[in-house]
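The values are calculated or read from the model by the stated rules, or taken from the named source; none is laboratory data. Keep in mind it's a predicted model, so treat the numbers as computed, not measured. For neighbour counting, all protein chains shown are included, and Cβ atoms are generated from backbone atoms with ideal geometry for every residue, glycine included.
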Amino acid sequence: MTERLRVAVLDDYQHVARQSADWALLDALADVVVFHDHVDDEVLLARRLNPFDVVCVMRERTPVTATLMAALPRLRLIASTGRANASIDLAAAADHGITVVHTNYASTPTIEFTWAAILGLARNLANEAASVRAGGWQQGMGVELAGKTLALLGLGRIGSAVARIGQAFGMQVIAWSQNLTTEHAAGYGVERVEKQALFARADILSIHTRLSERTQGLVSAEALGWMKPTARLVNTSRGPIVDEAALIEALVQGRIAGAAVDVYDPEPLPLDHPFRRLPNVLATPHIGYVSEEMYRTFYGDTVRNVVDWIGKVRT
């Protein structure tokens with residue numbers, strides 16, 4: 001292979017890809033183009049990516065579908081951040097002879113962000129801060145967490161860490177998921193309950209389960225109907241786990257007190273979406289995993305992965 005390779009880096013929303021890693025070695029081997037905007041239209045995206053041999057994606061921002069791969073005859077490598085990326089069609093990649101590589105990942109930013117969301121929601125921080133900026137003052141009252149019930153939909157790596165912090169705040173922690181056992185929950189000092197009890201007893205309901213066919217729409221209109229009007233929901237996992245229309249209706253009607261939402265379907269969030277306007281919603285732009293340290297891992301590993309792949313294909 002003598003022709004100089006072309007590498008596309010997609011969806012660098014914050015313009016930080018270049019400063020998050022040392023790209024010098026890759027720049028010496030290939031022409032690297034960083035795109036800061038997001039393209040939804042697959043035809044336009046295919047036109048943009050047609051000249052590239054390598055596409056670097058931030059996980060679950062731009063889907064790499066079978067139809068997109070079929071429209072990119074030069075594509076030979078997809079370099080994704082994270083240890084897995086559900087928005088890449090791996091079977092299609094194999095059919096097209098496209099290699100897919102991943103980076104390391106840590107749960108720390110998401111765990112910490114979940115608590116930022118819980119605290120921000122409980123103390124109405126977004127609205128109070130906006131009031132000060134607008135020349136106003138106190139707008140309402142927050143709620144204390146001590147003595148309240150933290151309900152966790154999922155008690156895996158992230159959920160169990162969120163549980164420990166909740167216990168440090170003096171909260172009672174309960175959990176449910178389809179595969180959660182009483183023994184596993186007890187190992188974290190958590191009470192395993194049935195699904196309806198999880199929603200009915202929750203003061204804060206925080207979602208920490210993977211998106212799959214089984215969990216899509218798991219937080220349904222019925223489940224939201226089990227919640228107390230003083231309860232608050234936090235979703236830092238995946239948007240489609242929650243029936244979005246049902247959640248919006250519950251928030252508009254005051255059937256739950258509020259929600260902190262960091263994940264959506266689709267993303268970026270449409271400009272006319274109700275989450276951008278509802279006063280009892282703390283909406284953030286899918287930044288649960290976004291930290292300087294995580295981006296150094298993501299982009300640093302991406303550079304190394306692409307350089308290693310070039311070395312292999314040129315030998």
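Those residues that are part of a loop (DSSP other than H, G, I, E, B) and surrounded by fewer than 17 Cβ atoms within 10 Å (Cβ to Cβ), I need them from segment 14-34; list them, please. Scanning segment 14-34 gives GLN14, HIS15, VAL16, ASP22. Taking the conditions (1) of a type outside the set (A, V, I, L, M, F, W, C); (2) in contact (Cβ under 8 Å) with a residue 12 or more places away in the chain; (3) over 30 Å from ILE78 (Cβ atoms); (4) assigned to a helix (DSSP H, G or I) in turn, GLN178 satisfies each one other than (4). Restricting the first member to segment 54-70 and to residues that are in the same structural domain as VAL33 (by TED's automatic domain parsing), and the second to residues that are of a type in the set (D, E, K, R) and surrounded by fewer than 24 Cβ atoms within 10 Å (Cβ to Cβ), the beta-carbon pairs closer than 6 Å and six or more apart or on different chains are MET58/ASP11; ARG61/ASP11; THR62/ASP11; THR65/ASP89; ALA66/ASP89; LEU68/GLU42.
For LEU247, the conditions (1) touching a helix residue (DSSP H, G or I) at 6+ places or on another chain (Cβ under 6 Å); (2) farther than 30 Å from GLU3 by Cα; (3) not basic (Lys, Arg) all hold with the exception of (1).
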